[in-house]
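Peer 1: Okay, handing you the structure first.
No lab work stands behind these numbers, since they all come straight from the coordinates. Remember, predicted model here, so these are calculated numbers, not experimental data. Cβ placement follows ideal geometry from the backbone for every residue including glycine, while neighbour counts extend to all protein chains displayed.
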Amino acid sequence: MRLGAMFTARLRRNPMTRAVLSKFARGAQILAVSSTVFCKELVDVLRDRRTLIFMLVIPTVAIPVLMWVTSELMTHFMEKLAREQVDVLVLNPEAAPELVEEVKKRANPLGRARRVAELLKAKGVGESELAMTKGEPRAFLRLLEKKGIDPEELATELRVAVEDSDFKLEPGAIIQNAFPPNFRLVTELDPRDYDHPAEREQVLLEAVRTDEIAAAIEFADDALEKLASGDSTEIRVYYLDASDRSSTALSGLRRIFKSLGKQMVAERLLSKELPAGFANPVKVRPERLPGPGMLVKFLSQILPYMILIFAFMGAMYPAIDLGAGEKERGTLETLLVAPVSRLSIVLGKFGVILVAALVSAVLATISLSVSLYLGIFSTISLVSGGSFSFSIQEALVALLMIVPISGIFAALLLALSIFAKSFKEGQSYASPLQMVIIMPAFVSFVPGVKLDWLMASIPVVNVSLALKEIFTGNLDQHWAHVGVIFLSTSIFAGLLLWFATWWFQREQVLFRS
Amino acid sequence: MTAGSQALVSVVSLTKIFNDRQRGREEIRAVDAVSFEAHAGEIFGLLGVNGAGKTTTLRLLATMLKPTSGEASVCGHSISKEPQAVRRRIGFMSTATSLYGRLSAKEMVTYFGRLNGMSREAIEQRILELFDLFGMNEFRDRRCDKLSTGMKQKVSIVRTVLHDPEVMIFDEPTVGLDVLTSRTIVDFVKDCRTRGKCVLFSTHIMEEMEKLCDRVGVIHDGKLLACEPVEALKSRTPSGRVEDAFVKLVGEPA
Ligand SMILES: Nc1ncnc2c1ncn2[C@@H]1O[C@H](COP(=O)(O)OP(=O)(O)OP(=O)(O)O)[C@@H](O)[C@H]1O
Ligand SMILES: [Mg+2]
């Protein structure tokens, strides 16, 4: 006992240990003061409605509402587009009257469509839901699965309903029958001269742009001869890329001529007594592996971007409030005459801003994940499908990625905010910074960009990509990257915090005239 | 004021130069080689027109600004070498030391008690005492931005004296206040003297200075033109009025 006491006493007298001890005590004191500042600033900020809205309400409510509205609007207009009848101009009907008749027959089989749609409706599949899955057979299958409908059974019933024993079992065919291309063939525009090729394009363009017609078709002069001799012929479709209505018409015409072509091949094969597979020797059948599905892909693209934006937005208002707000409300001098170090003040403020950034980012993540999980966005859940889940480990590593980058945001915003003399000025500095941050975060949407050492060395981009890999479930391949990104981002955040502290000591910053 | 009492504040050729970039890098000597002393139990007034350098001088003493040259000490602590020790010994109040509007009166005062290193019990004790003294109990839990100007002033006073500092610095504390509210402050400043504090008080109002101050420093264009008891200042002109003495000192406006 006495020996121990003597030892500690000697240790205390040693100048080296005394220096270390006093450093330690000073550090502890700075931390104690900054925690006092932190608690006060937290209370202060939480009593501000603006901050609360940006930190809590927008991340939780804005994402679901915004996405729900977009998805409902999309559903509505896609359905409208699918139902709408448009005019297609036939430039030279006299060249192939038989083909025109065939197209007419297929272009508007409304009776059939109605029967298919009615049957599906009776089974609980609404038209709008069906319209969503148009051109996406896998989505249609998932829709049936969700409604508990057996596809085979459905196909049999449909065959009876449309009185067509050839009716295919493929879901794609069911959708195509429920949503046939809805055209009216017209053979004449207004008495305008469109014989000259150069003028004709102009006239057609004008007609498509004014929605007079959606597209125009033109047969080759020798079309019938070619077909009769067992050859093929080209049908020109004039359309406008920029018009949704026109591109829909193009794909409808494609479908029509494809099915017409199939029927012709079948007839030709029959006449030559060849097997049905003769013209189609190889077929591709995609088999989806039970790995991350489309929903995971979607989430891993959108989440990193959202997280970074919301971390920034959540930090912005408290930062402006705690820096420029002090100047605007004239409390800065009150604070500066308190006998505490500037470092403790900066640390306390920084802590609150960091917490706000994290809360906002985490809330946005939870809100988006939960909304997707509950499937409130019909568009996304139908088109993407599959499920997603994060392990605790992934969630923790993701959080570890977010902390230092939020630290960078917090330190930068605090430095800017301390410089600004008013709330308004602070906002005018933060907005351009927001643009600079958001641009690189967008990298998570760029397809094919993988996290490698080059990418890992670019700030913001690296965090965005690291989060993308984590959410895709590729963490095990990227531990080294994630570790290095965490370290470098933390060091960067630390340097910026050091800068903010130095900045907070400058008279030119605190007492700008 | 008496030779025996110790100088709590001593200022030796304190100078502050601002480089104003907007006005073509012209140098502003806001405080120019100012020297004076202030003692325990006296009220030292700084008298000067707008832009004379009063605020800058007091901010230097409160270590919010760093001097360009010269030195000053508060209770023996150098303002440039031990700023934190200096701030611990002063209570500072000016028109620019507002309250945090979203904190209640009590929270506001408690926060600054904590920043001054006081224990929670000590703060609680002082608050009981001071809130009673100033009749503030009725609004102790009301948010500061909901208080009237007079109530705010009281909270500010309590914030300033909570840690019982030896030196009090007031920078034009009565500007823009009505008679009753400024009365509270004037009474409080007098009370500080009674309790043996050293009070620095800046103003551009002659009557106020005459009523309150024991000694006065006349500051103009950053320079301290005179530093003497109020009586001595008065006797500089035959009329015996402070205003005439002041005008004589700074020279007639051009
Ligand atoms: N942060 C600053 N940057 C540049 N110049 C400054 C700064 N603060 C004060 N000044 C200048 O220093 C001079 C003295 O200003 P100061 O505020 O000390 O005067 P004052 O005596 O308090 O005046 P008032 O009665 O108007 O409060 C003025 O010319 C002012 O413009
Ligand atoms: Mg002033």
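Peer 1: Among A:ARG288, B:ARG142, rank each residue by its count of other Cβ atoms within 10 Å, from fewest to most, as a rough exposure measure. Can you show the working numbers first?
Peer 2: Details: A:ARG288 10, B:ARG142 15.
Result, fewest neighbours first: A:ARG288, B:ARG142.
Peer 1: Related question: Mind listing which GluC sites (Glu not before Pro) in region A:251-320 are in a DSSP loop and have 11 or fewer other Cβ atoms within 10 Å? Could you put the intermediate results ahead of the total?
Peer 2: Details: sites: A:GLU267, A:GLU273, A:GLU287; in loops: A:GLU273, A:GLU287.
Passing both the DSSP loop test and the Cβ count: A:GLU273, A:GLU287.
Peer 1: Right, next: How crowded by other chains is B:242-250, given as the mean number of beta carbons from other chains within 10 Å of each beta carbon? Walk me through the numbers before you get to the answer.
Peer 2: Details: counts 0, 0, 0, 0, 0, 0, 0, 0, 0.
The mean count of partner-chain Cβ atoms within 10 Å per residue comes to 0.
Peer 1: Modelling each spin label as a point 7 Å along the Cα-to-Cβ direction, I'd like the B:GLN6/A:GLU206 distance in nm, to one decimal.
Peer 2: Here the answer is 10.1 nm between the modelled labels.
Peer 1: Taking chain B as the reference, fit the longest principal axis to its C-alpha atoms, fit the long axis of helix B:105-115 to the helix C-alpha atoms, and give the angle between the two in degrees, 0 to 90, nearest 10.
Peer 2: 70 degrees
Peer 1: For B:LEU177 and B:GLU207 in one chain, what is 0.36 nm times their gap in residues minus the Cα-Cα distance, to one decimal in nm? Show your work: numbers first, answer last.
Peer 2: On the way: separation 30, 0.36 × 30 = 10.80 nm, distance 1.53 nm.
Stretched fully, the B:LEU177-B:GLU207 segment lengthens by 9.3 nm.
Peer 1: Between A:ASP241 and B:LYS81, what is the label-point separation in nm under the 7 Å Cα-to-beta-carbon projection?
Peer 2: Result for the modelled spin labels: 7.7 nm.
Peer 1: Related question: Would you mind giving the mean number of other chain beta-carbons within 10 Å of the Cβ of each residue in B:100-106, as a whole number? Mind dumping the intermediate values first?
Peer 2: Values: counts 11, 6, 8, 5, 0, 0, 0.
For this peptide, the per-residue mean of nearby foreign Cβ atoms is 4.
Peer 1: Net charge around A:HIS481, counting only other residues with Cβ within less than 9 Å of its Cβ (Lys, Arg = +1; Asp, Glu = -1)?
Peer 2: So the environment of A:HIS481 carries a net charge of -2.
Peer 1: Pairs A:LYS421/B:LYS152; B:LYS16/B:LYS106; A:LYS421/B:LYS154; A:LYS349/B:LYS152; B:LYS154/B:LYS223; A:LYS23/A:LYS327: which are spaced more than 30 Å apart, C-alpha to C-alpha?
Peer 2: On the way: A:LYS421/B:LYS152 23 Å; B:LYS16/B:LYS106 37 Å; A:LYS421/B:LYS154 27 Å; A:LYS349/B:LYS152 25 Å; B:LYS154/B:LYS223 33 Å; A:LYS23/A:LYS327 32 Å.
From the list (A:LYS421/B:LYS152; B:LYS16/B:LYS106; A:LYS421/B:LYS154; A:LYS349/B:LYS152; B:LYS154/B:LYS223; A:LYS23/A:LYS327), the Cα-Cα distance tops 30 Å for B:LYS16/B:LYS106; B:LYS154/B:LYS223; A:LYS23/A:LYS327.
Peer 1: Still on this model: Taking 7 Å along the Cα-to-C-beta vector as the label spot, tell me the A:ARG12-B:LYS146 distance in nanometres, rounded to one decimal.
Peer 2: Once both label points are built, they end up 5.1 nm from each other.
Peer 1: Oh, and also: If you take the beta carbon distance between A:HIS76 and A:TRP502 as r and set R0 to 35 Å, what does 1/(1 + (r/R0)^6) give as a FRET efficiency, to the nearest 0.05?
Peer 2: On the way: r = 55 Å, r/R0 = 1.58.
After rounding, the FRET efficiency stands at 0.05.
Peer 1: A follow-up question, please. With respect to the cross-link table entries A:LYS297/A:LYS468; A:LYS147/A:LYS258; A:LYS105/A:LYS226; B:LYS66/B:LYS197, which display a Cα-Cα separation exceeding 20 Å? Present the calculation step by step, with values, prior to reporting the outcome.
Peer 2: Numbers: A:LYS297/A:LYS468 9 Å; A:LYS147/A:LYS258 31 Å; A:LYS105/A:LYS226 22 Å; B:LYS66/B:LYS197 25 Å.
A:LYS147/A:LYS258; A:LYS105/A:LYS226; B:LYS66/B:LYS197, as the Cα separations exceed 20 Å there.
Peer 1: Place a point 7 Å from Cα of B:LEU128 in the direction of its Cβ. Which residues in region B:153-178 have their backbone N less than 18 Å from it?
Peer 2: Residues B:162-164 qualify, since their backbone N sits under 18 Å from the label point.
Peer 1: Among B:VAL230, A:VAL284, which comes first, then next, by fewest other beta-carbon atoms within 10 Å?
Peer 2: On the way: B:VAL230 20, A:VAL284 4.
Ranked by crowding around the Cβ, least crowded first: A:VAL284, B:VAL230.
Peer 1: If you find the alpha carbon centre of region B:114-154 and of region A:259-312, how far apart are they in angstrom?
Peer 2: 73 Å
Peer 1: Continuing with this model, one more query. Treating only the Cβ atoms of Lys and Arg (+1) and Asp and Glu (-1) as charged, compute the dipole magnitude of region B:1-116 about its Cα centre; round to the nearest 20 debye.
Peer 2: Details: 15 positive and 9 negative charges, 102 e Å.
It comes to approximately 480 debye.
Peer 1: What does the helix-only formula give at 222 nm for the protein assembly as shown: each DSSP H stretch with n ≥ 4 adding -39500 (n - 2.57), the total divided by the residues, and the result rounded to the nearest 500 deg cm²/dmol? Spell out each step's value before the answer.
Peer 2: Details: 33 runs with 437 residues, N = 767.
Computed mean residue ellipticity for the protein assembly as shown: -18000 deg cm²/dmol.
Peer 1: Partner chain Cβ atoms within 10 Å, averaged over the residues of B:26-38 - can you pull that number for me? Write down the numbers at each step before the final one.
Peer 2: Values: counts 0, 0, 1, 0, 0, 0, 0, 0, 0, 0, 0, 0, 0.
That average works out to 0.
Peer 1: List the equivalent ellipsoid semi-axes of the protein assembly as shown in whole Å, largest first, each obtained as the square root of 5λ for an eigenvalue λ of the Cα gyration tensor.
Peer 2: On the way: eigenvalues 1331, 188, 106 Å².
Equivalent ellipsoid of the protein assembly as shown: 82, 31, 23 Å, largest first.
Peer 1: Excluding B:LYS146 itself, calculate the net charge of residues whose Cβ lies under 11 Å from the Cβ of B:LYS146, where each Lys or Arg counts +1 and each Asp or Glu counts -1.
Peer 2: Working: positive: B:ARG102, B:ARG142, B:ARG143, B:LYS152; negative: B:ASP141, B:ASP145.
Net local charge, B:LYS146 excluded: +2.
Peer 1: Write down the radius of gyration of region B:6-55 and its Dmax, each obtained from C-alpha positions, in Å.
Peer 2: Spelled out, the Cα radius of gyration and Dmax of region B:6-55 are 13.9, 45 Å.
Peer 1: What does the net charge come to around B:MET93 if you take all other residues with beta carbon closer than 9 Å to its beta carbon, with K and R at +1 and D and E at -1? Before the final figure, lay out each step's value.
Peer 2: On the way: positive: B:ARG159; negative: B:ASP171.
Here the count lands on 0.
Peer 1: Moving to a separate point now. Anything in chain A that counts as a DSSP H helix reaching 24 Å or more along its axis (C-alpha) with Kyte-Doolittle mean of at least 1.0? List them, would you? Write out the running numbers ahead of the final one.
Peer 2: Working: long enough: A:15-46 (46 Å, 0.78); A:63-83 (30 Å, 0.54); A:244-272 (42 Å, -0.33); A:294-322 (42 Å, 1.54); A:342-374 (48 Å, 1.94); A:392-419 (40 Å, 2.26); A:423-441 (26 Å, 0.33); A:479-503 (35 Å, 1.43).
Answer set is A:294-322, A:342-374, A:392-419, A:479-503.
Peer 1: Quick one: length gained pulling A:LEU374 to A:LYS147 fully straight, 0.36 nm per residue minus the C-alpha distance?
Peer 2: On the way: separation 227, 0.36 × 227 = 81.72 nm, distance 1.56 nm.
Extending this stretch completely gives an extra 80.2 nm.
Peer 1: Over what distance in Å are the Cα centres of region B:190-254 and region B:70-111 separated?
Peer 2: Centre-to-centre (Cα) distance: 25 Å.
Peer 1: At 0.36 nm per residue, minus the direct Cα-Cα distance, what do A:VAL57 and A:PHE24 gain on full extension? Give it in nm, one decimal, please.
Peer 2: Working: separation 33, 0.36 × 33 = 11.88 nm, distance 4.09 nm.
This chain segment gains 7.8 nm when fully extended.
Peer 1: For A:LYS80, A:LYS327, what ranking results if the residue with the fewest other Cβ atoms within 10 Å of its Cβ goes first? Before the final figure, lay out the partial values.
Peer 2: Details: A:LYS80 11, A:LYS327 23.
Fewest to most other Cβ atoms nearby, the residues stand as A:LYS80, A:LYS327.
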